[in-house]
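Structure, as structure tokens:
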Amino acid sequence: MLTSSMIKEAALSAGADMCGIGPVSRFDGAPDEMNPQFLFPEAKSIIGFVFRIPRGVQRGIEEGTQFFQYPSMSYGGINEIFAPAVLYHVSKVIEDAGYEAFVYRNTGARGVVSDMDGSPGSNLSPEEQIEVIEHAKTAAAHHRNVQFTRPVREGSVAPDLQFQFRLAAVACGLGEIGWSKMLLTGKFGPMQRLAFILTDAQLEYDEMYSGEPLCRKCGACVRECPGGCIPPINSGKAISVNIDGKICEWGDIDMWRCYAFYTHAGRHYNPFVPKEVWDKNESGSFDLMEGVTDIANEQEIIKIYTALQKYFPSWVGYNMAKCGGCIRACVSALEKKGGCLEGRFKNPLRTKKPWRLDR
Ligand code: SF4
Ligand code: SF4
């Protein structure tokens, strides 16, 4: 008989760092376009896997000396190699017991609703949408949702359905959402990525986290975001979601703004782009990053990415994330202020003042 213990043992022995299991009924009432119950209507259980981000992967950004390891190892490596290998291994354990394993690896930016702002995707037919795209004459697609899609039967949702990973992790009992919208776990704080399996097997379920709040509402993430993307703690700008009775709340982050800053960081935090390029702001490409406009949207992002993509020689299949400011701020705060990371490392992440280019 397949049990939760068998699945967790298989997951940990294959390389996952944590594994939690919840009933899919915890998603009752979720918006259709983000409800994993539509993926596999017979599924009874959702299995969540945590893959730690080694703290040292961000050392180079913390020191300002090496920016490649974080995106290549912690986006590319985990999403493309380490997590799929574990999903594959655990799926075999489940299917050998006669149940189906719907593996779901990270699929950022291919949902029906935008993973930036939740706005619905195109309501044009795929055929009409081709016309629109052909006239848009832009090389870079930054819609953050799929553009050519329609439901295949009445009562279903259009593919590809992408659910909210961090909330799914909460539903699997793995942690809580911090003010910075990151998942925080008791073991790794904000340093992890996720993957899931849906299965029709009935299993024993983990309770959702109910200990001391993992987020200390310290505001370090707010203060250290180079783009000012995270609202202050007491601003009232919060998003609140109820997962089967557990209230999850986080700051209403300007996600399009973060999309610009987490990759390109701005004039004070991006040592790869010459000062003159920021000063010139040719064609208003950096209006958002230079504070000329406050409106962050897809058009501003395309301008920024088009202007700056030549400054990075290789993209590891992912954006060359240069920020991680909110993660490092959170790790440092949790280590120093007695949060879940206290005592985990012999030496703290941060031993000197964070750097900032004076230009
Ligand atoms: S990733 Fe960077 S830009 Fe985005 S919210 Fe965090 S600190 Fe701000
Ligand atoms: S830095 Fe502080 S406020 Fe922000 S997510 Fe971490 S613990 Fe919460």
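The values are calculated or read from the model by the stated rules, or taken from the named source; none is laboratory data. These numbers were taken from a predicted model, which means no experiment stands behind them. Reconstructed Cβ throughout: ideal geometry from the backbone, glycine too, with neighbour counts over all protein chains shown.
Couple of notes before you dig in:
- Some residue of the stretch 211-218 being within 16 Å of ligand 1 (Cβ to nearest atom) and within 23 Å of ASP115 (Cβ to Cβ): yes
- Residue in the stretch 332-359 that is farthest from PRO190 (Cα to Cα), counting only those that are part of a helix (DSSP H, G or I) and more than 16 Å from ligand 1 (Cβ to nearest atom): LYS336
- Of all residues making up the stretch 302-331, the number that are within 18 Å of the chain's Cα centre (by Cα) and either in a helix (DSSP H, G or I) or within 11 Å of ligand 1 (Cβ to nearest atom) (or both): 12
- Scan the stretch 293-339 for residues that are of a type outside the set (Asp, Glu) and within 16 Å of ligand 2 (Cβ to nearest atom) and the total you get is 16.
- One residue stands out in the stretch 219-238 among those that are hydrophobic (A, V, I, L, M, F, W, C) and near ligand 2 (Cβ under 8 Å from one of its atoms): the one that is farthest from PHE261 (Cα to Cα), namely ILE233.
- Subset tally (residues that are closer than 18 Å to GLN164 by Cβ and not in a strand (DSSP E or B)) for the stretch 94-108: 4
- Qualifying residue in the stretch 180-202 (condition: away from ligand 1 (no atom under 16 Å from the Cβ) and modelled with pLDDT under 95): no
- Considered as a group, the residues in the stretch 227-249 that are within 11 Å of ligand 1 (Cβ to nearest atom) and surrounded by fewer than 21 Cβ atoms within 10 Å (Cβ to Cβ) include one that is farthest from GLY64 (Cα to Cα), and that residue is PRO231.
- The selection criterion, being in a loop (DSSP other than H, G, I, E, B), surrounded by 18 or more Cβ atoms within 10 Å (Cβ to Cβ) and away from ligand 1 (no atom under 13 Å from the Cβ), does not hold for TYR269.
- Taking the numbered list (1) of a type in the set (S, T, N, Q); (2) under 20 Å from SER74 (Cβ atoms); (3) free of Cβ contacts under 8 Å to residues at least 24 places away in the same chain in turn, GLN192 passes all entries but (3).
- Options TYR205, TYR209; residue that is outside any helix (DSSP H, G or I) and within 16 Å of ligand 2 (Cβ to nearest atom): TYR209
- The set of residues from the stretch 78-93 being crowded, with 21+ Cβ neighbours inside 10 Å and either in a loop (DSSP other than H, G, I, E, B) or under 15 Å from the mean Cα position of the chain (by Cα) (or both) comprises ILE78, ALA83.
- Members of the stretch 242-266 found to be hydrophobic (A, V, I, L, M, F, W, C), out of contact with any Pro (no Cβ under 7 Å at 6 or more places or on another chain) and part of a helix (DSSP H, G or I), listed by number: MET255, TRP256, CYS258, ALA260
- ARG216 being within 16 Å of ligand 2 (Cβ to nearest atom) and assigned to a loop (DSSP other than H, G, I, E, B): yes
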